[in-house]
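Enquirer: What follows is a structure written as structure tokens; I'll ask about it next.
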Amino acid sequence: MEAIGNKLENPVRAYAFDQLLILPGLGKIEPSEIDISVKIGGLRLKAPLISAPMDTVTGSRLAIALALRGGLGVIHRNCSIEQTVKMIRMVKSEKVPDSNALAPRDRQGRLAVGAGLSPMDIKRATALYGEADLLFIDVASFHNRKLVEGAKRIIGATGAKIVVGNFGTADGVRYAIEELGEENVSAVKVGMGGGSICTTTDVSGVGSPSTFAIEQAALALKQMNLLQRIPIIGDGGISKPRDVAIAIGLGASAVMLGKVFAACEESCAKTVWRSGEKYKVYWGMGSAQARKKRMALDRYQDYQKGKQIDEGVKMYLRVSGSVENAVGAIEGSLRVGMGYVGAGNLQEMHQKSMVVARA
Ligand code: IMP
């Protein structure tokens, strides 16, 4: 009660990526010497880039292209369990050239791949455990006791170590890790309402931009002494290479990208031609288009007795090129940024980055 009457006195600021900059630091590192690899859930990613489990982004084709380039694809869940398993197996059956030193691999040397799932879908979890290398809890908000209990049951039934999210505050991160046990959490994924196709904040007034959410997660993990053990994945609104540098500067170890990968040739978004140009049709998982398939409805709460409110929209993206090119562009920029900061690896980037807000 006391808080009422003082809420706007000294409001906490939450910044968009565009409003932030990292100050230069002293260093003598060449961009080519910079190591941008990260370890998540036992997988070594040579590029800290993960594709979103959305039905316009990650199917087997994109997951293969991204893994070959050092990142990780997370297969979407807006389809039957059998269809998801089929996509995972297609990734696993891809022949990887011996010369490829970038691709994350499983114990048998096959390409690594992740899969998204609902914390309430124990059937899918048990089917996918043993098929995919890393399971990602895929809900808009993991600040929810029921969903945390669901994840606990999945961990109990499979013994899997999972990526959990999304979170927007330090309290949410702390609660989930305490409930699930730190040894069962591979990474925390953060950011709410910041996605390019997201209308959650417009609909509800609630959200936590990825910049702010990363900082909150870092705070919680620091207090729990888990910063070195549990990586943070920034998710939503990361569209320019510079945003990736800022996310990592704030404390993220990897980023999840929807729009950037949806625009690539290999995404599972539909291709359409408009005035002689090639476009991809990208939509949010809470949009009317995605909800028609009904498999991922539980990503969002239903407050309207079956008449769900849209929390996402559809957009047309001009095809940008291949995944290889997209990853190359981001990697190049990240190396330049880390060079200016004087950071030789992602941990140094976390420690050395001084982030400032433009007035
Ligand atoms: P983007 O990289 O800015 O396009 O954001 C992608 C992220 O937005 C995904 O990884 C999800 O966390 C989130 N997201 C996906 N679909 C929706 C939606 O319909 N509404 C809100 N957020 C969404």
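Enquirer: Name the residue from Thr84, Pro119, Gly332 whose Cα lies farthest towards the positive end of the charge dipole of the stretch 18-357, charges +1 on Cβ of Lys and Arg and -1 on Cβ of Asp and Glu.
Expert: The residue sitting most towards the positive pole is Thr84.
Enquirer: Could you please put Arg358, Arg145, Arg229 in sequence from largest to smallest accessible area, using a 1.4 Å probe? Mind dumping the intermediate values first?
Expert: On the way: Arg358 120, Arg145 165, Arg229 145 Å².
Output order, biggest surface exposure first: Arg145, Arg229, Arg358.
Enquirer: Rounded to the nearest 10 Å², what accessible area does Ile64 show when all protein chains are kept and the probe is 1.4 Å?
Expert: We get 20 Å² for Ile64.
Enquirer: If you rank His143, His76 by how much accessible surface each has, with a 1.4 Å probe, what is the order from largest down? Each step should come with its number before you reach the end.
Expert: Details: His143 75, His76 15 Å².
My answer, sorted largest first, is His143, His76.
Enquirer: In nm, to one decimal, how far is the Gln301 label point from the Gln223 one, both placed 7 Å along Cα→Cβ?
Expert: Calculated label separation equals 2.2 nm.
Enquirer: So what is the relative contact order for the chain, in percent, with contacts set as C-alpha pairs under 8 Å and at least six apart? Don't jump to the answer; show the numbers that get you there.
Expert: Working: 805 pairs, mean separation 81.0, N = 359.
Relative contact order here is 23 percent.
Enquirer: Right, here's the next one. Note the per residue figure in Å³ for the convex hull of the C-alpha positions in the stretch 82-239. Before the final figure, lay out the partial values.
Expert: Values: hull volume 21.5 nm³, N = 158.
Taking the convex hull of the Cα positions in the stretch 82-239, it is 136 Å³ per residue.
Enquirer: How about Lys95: which lysines have a C-alpha closer than 17 Å to its C-alpha, ignoring those fewer than 8 places off in the same chain?
Expert: List returned: Lys86.
Enquirer: Can you pull the Rg over Rh of the stretch 206-321, Cα-only, Kirkwood?
Expert: Numbers: Rg = 17.2 Å, Rh = 16.4 Å.
Ratio of gyration radius to Kirkwood radius for the stretch 206-321: 1.05.
Enquirer: Another question, if that's okay. Filter the cross-link list Lys39/Lys146; Lys259/Lys280; Lys161/Lys189; Lys189/Lys222; Lys270/Lys293 down to pairs whose alpha-carbon distance in this structure exceeds 18 Å. Write out the running numbers ahead of the final one.
Expert: Working: Lys39/Lys146 29 Å; Lys259/Lys280 10 Å; Lys161/Lys189 14 Å; Lys189/Lys222 16 Å; Lys270/Lys293 15 Å.
In this structure, Lys39/Lys146 lie more than 18 Å apart at Cα.
Enquirer: Given the peptides 256-262, 176-182, 347-353, 98-104, arrange them by the average over their residues of other C-beta atoms within 10 Å, most packed first.
Expert: Working: 256-262: 28.3, 176-182: 16.3, 347-353: 18.1, 98-104: 14.1.
Packing proxy ranking, top to bottom: 256-262, 347-353, 176-182, 98-104.
Enquirer: Just to confirm, what accessible area per residue do you get for the stretch 18-357 at 1.4 Å probe, in whole Å²?
Expert: Numbers: 14740 Å² over 340 residues.
Per-residue value: 43 Å².
Enquirer: Any idea how far apart Asp18 and Ile4 come out in nm if each label point goes 7 Å out from Cα toward Cβ?
Expert: 3.7 nm
Enquirer: Please report the accessible area of Met354 (heavy atoms, 1.4 Å probe, ligands and nucleic acids excluded) in Å², nearest 10.
Expert: 120 Å²
Enquirer: Carbon and sulfur: what percent of the stretch 18-357's accessible surface (1.4 Å probe)? Intermediate values should be presented prior to the final figure.
Expert: Numbers: 7320 of 14740 Å².
Answer for the stretch 18-357: carbon and sulfur cover 50 percent of the accessible area.
Enquirer: Shifting gears a bit: Quick one: give the max-minus-min coordinate of the C-alpha atoms of the chain along each principal axis, largest first, in Å.
Expert: Over the chain, Cα extents along the principal axes are 54, 51, 50 Å.
Enquirer: Please give the charge dipole size of the chain, origin at the Cα centre, charges +1 on K and R Cβ atoms and -1 on D and E Cβ atoms. Round to the nearest 20 debye. Write down the numbers at each step before the final one.
Expert: Details: 46 positive and 35 negative charges, 180 e Å.
With Lys and Arg at +1 and Asp and Glu at -1, about 860 debye.
Enquirer: Please find, in a Gaussian network model of the chain (springs between Cα atoms separated by less than 10 Å), the residue of Val139, Val203, Val185 whose mean-square fluctuation is greatest.
Expert: In the Gaussian network model the winner is Val203.
The values are calculated or read from the model by the stated rules, or taken from the named source; none is laboratory data. Worth saying up front: this structure is predicted, and the values here are computed from it rather than measured. Glycine gets a Cβ as well: all are built from the backbone with ideal geometry, and neighbour counts include every protein chain shown. The protein model used for the area step is the full one, side chains on, heavy atoms only, and it has no ligands, DNA or RNA in it. Shrake-Rupley method; radii C 1.70, N 1.55, O 1.52, S 1.80 Å.
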